[in-house]
Amino acid sequence: MSGRNEPLERIKSRRDAAVAAIVAGVPYVAWLGICFDRRGDELTAVLPFSDKLIGNPVLPAIHGGVTAAFLEIAATVELTWASIWDEVESGRMTPDASVPSPGPRLAKTIDFSVDYLRSGLPRDSYARARVVRLGRRYSSVQVEAWQDNRARPFAMANGHFLMPQGG
Amino acid sequence: MQQDDDRARAAKQFFETLPHLRALGGRLVGFGDSRAEIEMDWRAELVGDPRSGVIHGGVVSALMDTSGGAAVMAHPDRPNGTATISLRIDYMRAATPGSKLRARAECFHMTRSVAFVRAVALDDDDERPVATATGSFTVER
């Protein structure tokens, strides 16, 4: 049970385990090399640059499809994180990424709309998502990705999601 | 006609050098007359839902984006290059696990500086799309 006197290390490890459990079961997230950095309840998706992410080898630039996938993963993980937060904090849910059972179900994307603002450079990318509406059945999420400068996003997106039903 | 064949061959070669498309195992299987088609095989590393083995939507996005760009390059105006401005994807259903995935795109309108594209993603079932997309692309002249 989370309380003022719960040891800090236990709180942190419970939250980190919850984030890890969301992502652990998704092969494509690992294939792209995406990981998540957590500060309190704030998640930042991190996509380290690698050659296989390149779309146009002449520039070079990150493939637009990779950018879209990165934004979509950041959005769905944030949405799942937001939807299980209360249960994780209360101790009702204790996800464990080391147990080989699938983590919490991810929401299904209904539609996803990406704005490409500038080309993705061969650098690491970061993304943060904001759940605009968290519903029982439908949710709406905005997400933004940047590289060197937080104030100069290279892509943003908004999407609608169907929430997992029945656990 | 010979020229068009040469162009299709050059485009095919260019798309075969795209590192991310190669990493996905995608192939340009159609190019010409403002249309392009990409296909790829199902692969375990690209799964988004381990419970069902369904390929992640991000892979569908990558195929849509690539086929869209290719369709712009296949327009008779012959742009020198293109980049995605925006892409919206509607997901109709999960792609059948184990099945091939294809994206077909058509550049249905081009102005001096903007190209408009629609695309559809299919698995083995031609009648029921996995996803549809609309996009706008830059036109480099």
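Pair-distance distribution of the protein assembly as shown: all C-alpha pairs, bin width 10 Å, starting at 0; shares per bin in whole percent are 6, 28, 34, 20, 8, 3, 1, 0. With a 1.4 angstrom probe, the accessible area lost at the A-B interface totals about 2500 Å². 3J(HN,Hα) along the range B:45-50, derived from phi through the Karplus expression 6.51 cos²θ - 1.76 cosθ + 1.60 where θ = phi - 60°, amounts to 5, 9, 6, x, 10, x Hz, with x in place of Gly and Pro. Label separation (residue B:128 vs residue B:51): 1.9 nm, computed from points 7 Å beyond Cα along the C-beta direction. Only the Cβ atoms of Lys and Arg (+1) and of Asp and Glu (-1) were treated as charged; on that basis the dipole of the range A:8-162 about its Cα centre amounts to roughly 220 debye.
Tell me the Kirkwood hydrodynamic radius of chain B in angstroms, computed as one over the mean inverse distance between distinct C-alpha pairs. Show your work: numbers first, answer last.
Numbers: mean 1/r = 0.0663 Å⁻¹.
The answer is 15.1 Å.
Legend: calculated FRET efficiency, residue A:42 to residue B:44, from the Cβ-Cβ distance at R0 = 30 Å, rounded to 0.05, equals 0.40.
What is the percent carbon and sulfur in the accessible area of chain A, measuring with a 1.4 Å probe over the protein chains and ignoring ligands? Show your work: numbers first, answer last.
On the way: 4140 of 8300 Å².
Percent of accessible area from carbon and sulfur atoms in chain A: 50.
Along the range A:106-116 the Karplus relation, 6.51 cos²θ - 1.76 cosθ + 1.60 evaluated at θ = phi - 60°, assigns HN-Hα couplings of 8, 5, 8, 6, 8, 8, 8, 10, 10, 9, 8 Hz to successive residues, with x for each Gly and Pro. Between residue A:30 and residue B:109, the modelled label-to-label distance comes to 4.6 nm, taking each label 7 Å out from Cα in the direction of the beta carbon.
How high is the relative contact order of the range B:46-141? Use alpha-carbon pairs under 8 Å, at least six apart in sequence, and give a whole percent. Here the relative contact order equals 31 percent.
Within chain A, the proportion of C-alpha pairs whose separation exceeds 22 Å stands at 44%.
Just the protein heavy atoms count here, and of the accessible area of the range B:1-41 at 1.4 Å, carbon and sulfur take up 47 percent.
Remark: mean inter-chain Cβ contacts per residue of A:149-157 equal 1, using a 10 Å Cβ-Cβ cutoff to other protein chain atoms.
Taking every residue in B:90-99 and counting other chain Cβ atoms within 10 Å of its Cβ, the average works out to 2.
What's the local net charge at residue A:130, with K and R +1, D and E -1, over the other residues with C-beta under 11 Å away?
Details: positive: A:128, A:133; negative: A:42, A:78, A:144.
Its environment carries a net charge of -1.
Estimated at the nearest 10 Å², the accessible area of residue B:125 is 50 Å² with a 1.4 Å probe.
Sequence-distant contacts, meaning Cα pairs under 8 Å at least 6 residues apart, place the relative contact order of chain A at 25 percent. The heavy atoms of residue B:134 present about 80 square angstrom of accessible area, all protein chains included, probe 1.4 Å.
Neighbours of residue B:61 by Cβ distance under 11 Å: Lys/Arg scored +1, Asp/Glu scored -1, total -1. Just to confirm a number: summing +1 for Lys and Arg and -1 for Asp and Glu over residues other than residue B:35 whose beta-carbon lies under 10 angstrom from that of residue B:35, what do you get? After counting each charged neighbour, the total is -2.
The values are calculated or read from the model by the stated rules, or taken from the named source; none is laboratory data. Predicted model, so just to flag it, every value in this text is computed and none were measured. All Cβ positions, glycine included, derive from the backbone under ideal geometry; neighbour counts span all protein chains shown. Quick note on the areas: whole protein, heavy atoms, side chains included, nothing else; ligands and nucleic acids left out. Shrake-Rupley method; radii C 1.70, N 1.55, O 1.52, S 1.80 Å.
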